[in-house]
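Everything on this sheet refers to the single structure shown next.
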Amino acid sequence: MSATRSRPLRVAVLGFHHESNTFAPVPATLERFLDGGLSEGVEMVRRYATSQATLAGFLELAASEAVECVPLVHADLNPMGTITEEAFEHLVGKLLGALSENGPWDVVLLALHGAAVAAHQPDADGEIISRVRRAVGPAVVLGAALDMHANISPKMVAGCDVLNAYLTNPHVDARARAREVADLAVAAARGSIKPKIALATPPLAIDILRQGTDDWPMRHLIALARRLSEQERILSISVAEGFPYADVEEMGMSFVAVTDDDPGLAEHIVAELAGEAWRLRDDFIGTGADVDEALLHAAASGARPVVLLDVGDNVGGGSPADSTHVLAAAQRLGIRNLFHSLCDPDAVRACRSSGVGSSITLQVGARTDALHGHPVTVTGRVRHLDDGRFEDAGVTHGGFRFFAAGDRALLETDDGHHILLTSRPMGNTSLAELTSVGLDPATLQVIVAKGVHSPRGAYQPIAAEMIQLNTGGCTTADLSSLRYHRRRTPMFPFEPSTAYEPRPHVG
Ligand SMILES: [Zn+2]
């Protein structure tokens, strides 16, 4: 065999990365993807090779003389609503066009999220995998690396030779996990391993508040997966938490095992993991704090700042960053000294016309829909205006340094709040967001941060306390408040008496 392998293996690198919140009001259109989210060829290397992202792990293959690693196309967009048919077909057409123009290939590597939903293709990732498989034929080795929030479907697994997902949340191992897929795919193409994949999809949705891999019960499941990985013939094990905000059949937690030519072992491994997750299912239910109680507690606290996490408007999960549920409650309760950001380009424009130092009365927030509250009327003084660019060399979620919030206005209201109005949706993941508009986060009594895990990097070191709120919105922790039409039934925790018996498919 080695005699025939005189040429390097040709490896195509492609990506399509979107976490689609089907409850979110803003669709993922082609225009939004094309606004900076598409990269091709050397541009992919420039953007990603030195990052810690999935593509970086694939591109590490370029260092090997035995591999010709060819970056083709990568499409990426922030989490938001469902992908339009136009966007999906155009972008997937680009992927397939690049594959056929630059082939033939020995290996195709796909960087996917795993929770992409297109309007006409609910299992968008599965559809991409199966189209790529049809395009390259059965002999080419296909590897896919997914986000840990993937809703993994049988269609996704059926089209791949190798597939894995991150094992950390917050995600810090994307690059390493992608490198694992790349190495296994190359080994399979050389004939030194024969990957066999198994998937288990228990009818189980887990709450965003219970997804941290440093905390029980995820810590325990990941430790079990790592222990099982040490067995002979195990090539890779994944524990995918799933993305509960995608109303699709495959929504939920799932487990993937890849073995070297041992399908029975792969089935046993995923059945064991699924059984353990099922046993702990009650521990995966999350409950956020009541908004009024948390606000009253935070306002009366002797230590500051108290950071209230607006879980229902978690921008990293696809929400619009303009929810007013907490601000409206603070007004109603007479609570003062709140920092609160809102995406509201109209309000920013009104403040800009009014000018720094002027007084203004206007409505702010809840521009997208009533799920995120109603516009709140505030009166205050415009304290600061800028173009929304700021830099944070300190600790931030995902390691981001440069931020662009669009035009901003800081309003100090008559009832003592600081409301930061932005033109783009922004989660609150950086202390520099506040210092760049002249605020000292340490002196504020209550900071409302839109997010669940993402604000922690910045705020944990200075917060007297961090409280996760049970707020409404398209990323609410209260899954029972979301109206599903396409998920499986019965499913835990929606139907609490759901039964499940994890069983290997083969003996
Ligand atoms: Zn994720």
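Readers should treat all values here as calculations from the given coordinates under stated rules, not as data from a laboratory. Small disclaimer: the values here were computed from a predicted structure and weren't measured. Neighbour counts run over all protein chains shown; Cβ positions are idealised from the backbone, glycine included.
What do you get for Rg/Rh over the chain if you use C-alpha atoms and the Kirkwood form of Rh? Please list the in-between numbers first.
Numbers: Rg = 23.6 Å, Rh = 23.7 Å.
Expressed as Rg/Rh, it is 1.00.
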Completion exercise
FRET efficiency (residue 395, residue 139; Cβ distance; R0 60 Å; to 0.05) is 0.80
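For n ≥ 4 DSSP H runs only, could you compute -39500 (n - 2.57) per run for the chain, divide by its residues and tell me the 222 nm figure to the nearest 500?
Values: 14 runs with 137 residues, N = 507.
So the helix-based figure for the chain works out to -8000 deg cm²/dmol.
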Completion exercise
Along the stretch 43-52, Karplus-curve 3J(HN,Hα) (6.51, -1.76, 1.60; θ = phi - 60°) to the nearest Hz, with x for Gly and Pro, reads 5, 4, 5, 4, 6, 10, 4, 9, 8, 9
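Can you sort 267, 232, 495 by how many other beta carbons sit within 10 Å, fewest first? Display every interim value, and only then the final one.
On the way: 267 22, 232 8, 495 12.
The most exposed by this proxy come first: 232, 495, 267.
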Completion exercise
In degrees rounded to 10, the 0-90 angle between helix 263-279 Cα long axis and the longest Cα principal axis of the chain is 20
Fill in the blank from the handout: Sequence order, the stretch 200-214: Karplus ³J(HN,Hα) from phi using 6.51 cos²θ - 1.76 cosθ + 1.60, θ = phi - 60°, Hz rounded, Gly and Pro as x, gives 10, 10, x, x, 9, 9, 10, 6, 4, 6, 10, 9, x, 7, 8
Completion exercise
The local net charge around residue 279, scoring Lys/Arg +1 and Asp/Glu -1 for residues other than residue 279 whose Cβ lies under 14 Å from its Cβ, equals -4
Completion exercise
Quick numbers on the stretch 431-507, Rg and Dmax over C-alpha atoms in Å, give 20.0, 65
Practice task
For helix 291-300, report the angle its Cα long axis makes with the longest principal axis of the Cα atoms of the chain; keep it between 0 and 90° and round to the nearest 10°.
Solution key: 60
Handout entry: Total charge dipole magnitude, the stretch 82-209, about the Cα centre, Cβ charges on Lys, Arg, Asp, Glu only, Debye to nearest 20
Key = 480
Completion exercise
Long-range amide H partners of residue 10, meaning residues 5 or more apart or on another chain whose placed amide H is closer than 5 Å, are 68, 106, 107
Problem - Net charge contributed by nearby residues that have their C-beta within less than 13 Å of residue 82 (K/R +1, D/E -1) - result: -3
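Treating only the Cβ of Lys, Arg, Asp and Glu as charged (+1, +1, -1, -1), what charge dipole size does the stretch 244-317 show about its Cα centre? Round to the nearest 20 debye.
The dipole of the stretch 244-317 has a size of about 500 debye.
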Exercise for the section: Evaluate the relative contact order of the chain (contact order divided by residue number), counting alpha-carbon pairs under 8 angstrom at least 6 apart; express in whole percent. Expected result: 15
Problem - lysines whose Cα lies under 29 Å from that of residue 94, excluding same-chain neighbours fewer than 8 positions away - result: 155
Problem - In order through the stretch 362-372: 3J(HN,Hα) via Karplus (6.51 cos²θ - 1.76 cosθ + 1.60), integer Hz, x for Gly, Pro - result: 7, 8, 10, x, 6, 7, 7, 6, 6, 4, 9
Problem - Projected label distance in nm at residue 215 and residue 285, using a 7 Å step from Cα toward the beta-carbon - result: 1.7
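Based only on other Cβ atoms within 10 Å, what is the fewest-to-most ordering of 64, 497, 341? Intermediate values should be presented prior to the final figure.
Values: 64 15, 497 6, 341 30.
Fewest-to-most ranking of 64, 497, 341: 497, 64, 341.
Could you tell me the relative contact order of the stretch 366-507? Use alpha-carbon pairs under 8 Å, at least six residues apart, and round to a whole percent. Can you show the working numbers first?
On the way: 170 pairs, mean separation 25.4, N = 142.
Here the relative contact order equals 18 percent.
When the chain is fully extended, how far beyond the present Cα-Cα distance does residue 352 get from residue 229, taking 0.36 nm per residue of separation?
Numbers: separation 123, 0.36 × 123 = 44.28 nm, distance 5.74 nm.
Here the segment from residue 352 to residue 229 would lengthen by 38.5 nm.
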Practice task
Return the long-range amide H neighbours of residue 144 (sequence gap of 5 or more, or a different chain), with a cut-off of under 5 Å between placed amide H atoms.
Solution key: 110, 162, 163, 164
Fill in the blank from the handout: Listing 424, 401 by rising number of other beta-carbon atoms within 10 angstrom, fewest first, gives 401, 424
